[in-house]
Amino acid sequence: MAFIADALSRVKPSATIAATQKARDLKAQGRDIISLSVGEPDFDTPDNIKKAAIAAIERGETKYTPVLGITPLREAIVRKFKRENGLDYKMSQTIVGTGGKHVLFNAFMATMNLGDEVIIPAPYWVSYPDMVLLCGGSPVFVSCSMKNNFKLAPADLEKAITPRTKWLVLNSPSNPSGAAYTRDELKAVGEVLKRHPHVWVLTDDMYEHLCYGDFEYTTIAQVVPELMDRTLTMNGVSKAYAMTGWRVGYAAGPESLIKAMDLLQGQQTSGTCSIAQWAAVEALDGSQAHLPVFKQAFQERRDLVVSMLNQARYITCPTPEGAFYVYPSCEEALGKKTKEGKVIATDEDFISELLMSEGVAVVHGTAFGQGPNFRISYAASLTTLEDACTRIQQFTGSLT
Ligand code: PLP
């Protein structure tokens, strides 16, 4: 009998972590590599947040915390949802976890029975399907084409719903496409869900603050209040506050679900790191002055990357509304040959030849459930991005 659990055989290692590691290995061998595969801001955590953590240590806030999180953070979360999203949650409807990933995993773990279905619009963040599989559920993918700006068409959602559907996962702005839903688009999705009262919505709003131009961010419970009692609104400090290493995520939703997640978390990680929670209080309640700075930098980078990629032969790159990713198509490059005579048959071939020939590491679209595309994280300096895009232009220009 195998010692390792069968459940793990259903799970793949994260493609983004694998691509990042491959780039690291090549760098260690002395190759000149630009890695645009990692999903984290290149900015440092703002000083006011670091100081709040130091002050928490000095005050002796170093003990176990309640499983659901410290009261000041849960109160700050209630205020955040009210202030930024117009959502009225009580503190008893909130939970803090060790990163957004942990909160999502617990939500699935607390609700999935064998064979329950979770609708995941593709392209999707790599972890959703594997989390669902680990929890005994079945991911149901709905393809969202580039023509539809990688967004879920209400008719496709309707077709995917069955009596076994438990959750619809929404992620706006999206990792990997950067696409964000407008109010009207969310309303249209909500109209379908109103007809299917057994389906809950897990909305992953991790990139909420990273929207560009005049795009107006909204979340589904705000736009379709009828769904409030079956929506888990998940968010975190990792991306907008450059706090990926601090590991704080949170969510708010119906009390019955939060209670179930509390029970689970109490036998698992218990409360999140006390110091990181105090830092998150400052992130949510303190100065937001860094945000326009981050946003302006990201928007300039997005515009540079989109423009340079659209000048590359065989590449088509839509302009996404948010996050720090672009998701160009490399469909026209398929069937072409590299200088070494290798035929590019898939987006995975495309990214691996790009890495070997020009030293640019990106992630192939099929890893996110929709190709032939690739994901570029533009959380890098303008100089680095310009260099990377020039190399991509050289690579596609050399294909025959
Ligand atoms: N959701 C999405 C869409 C993400 O891209 C990520 C991180 O890459 C997460 C959740 C997880 O965030 P955290 O680092 O807080 O666990």
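The values are calculated or read from the model by the stated rules, or taken from the named source; none is laboratory data. Quick caveat: nothing in here was measured; it's all calculated off a predicted structure. Cβ sites come from the backbone with ideal geometry, for glycine too, and all protein chains shown count toward neighbours. What goes into the accessible areas is simple: the full protein's heavy atoms, side chains included, and nothing from ligands, DNA or RNA. Shrake-Rupley method; radii C 1.70, N 1.55, O 1.52, S 1.80 Å.
Points to keep in mind about this one:
- The apolar share of the surface of the chain, taken as the fraction of accessible area on carbon and sulfur atoms (1.4 Å probe, ligands and nucleic acids excluded), comes to 55 percent.
- Bridgeable lysines around Lys339 (alpha carbons under 30 Å apart, same-chain partners fewer than 8 residues away excluded): Lys22, Lys27.
- Kirkwood hydrodynamic radius (C-alpha pairs) into Stokes-Einstein, region 1-146, 4 °C and 1.567 mPa s, D in µm²/s: 67
- Computed magnitude of the charge dipole of region 1-141 (debye, nearest 20; Cβ of K, R +1, Cβ of D, E -1): 260
- Antiparallel content of DSSP bridges confined to the chain, in %, to 5: 45
- Partner lysines for Lys90 [C-alpha distance under 17 Å; skip if fewer than 8 residues away on the same chain]: Lys80, Lys82, Lys259
- The long axis of helix 183-194 is offset from the longest Cα principal axis of the chain by roughly 60 degrees.
- Label-zone membership for region 224-240, site Lys194, 7 angstrom Cα→C-beta point, backbone N under 13 Å: 224-228
- Applying 1/(1 + (r/R0)^6) with R0 = 22 Å to the Cβ-Cβ distance of Asp229 and Leu263 gives a FRET efficiency near 0.65.
- Spatially proximal aspartates and glutamates relative to Lys342 (Cα-Cα < 20 Å; intrachain offsets below 8 disregarded): Glu331, Glu332, Glu353, Glu358
- Rounded tilt (10° steps) of 255-266 against the dominant C-alpha axis of the chain: 80
- Against the main long axis of the alpha-carbon atoms of the chain, helix 100-109 sits at an angle near 70°.
- Think of region 12-129 as a dipole: +1 on every Lys or Arg Cβ, -1 on every Asp or Glu Cβ, centred on the Cα centre; then among Ala55, Ala23, Tyr89, Ala55 lies furthest on the positive end.
- Charges were assigned to the Cβ only: +1 to each Lys and Arg, -1 to each Asp and Glu. The resulting dipole of region 217-320 about its Cα centre is roughly 460 debye.
- Taking packing as the residue-averaged number of other Cβ atoms within 10 angstrom, the listed peptides 331-344, 166-179, 368-381, 262-275 run from highest to lowest as 166-179, 368-381, 262-275, 331-344.
- Largest-first ellipsoid semi-axes for the chain, taking √(5λ) over the Cα gyration tensor eigenvalues, angstrom: 34, 25, 21
- Taking Cα centre as origin and charging only the Cβ of basic (Lys, Arg, +1) and acidic (Asp, Glu, -1) residues, the dipole magnitude of the chain rounds to 420 debye.
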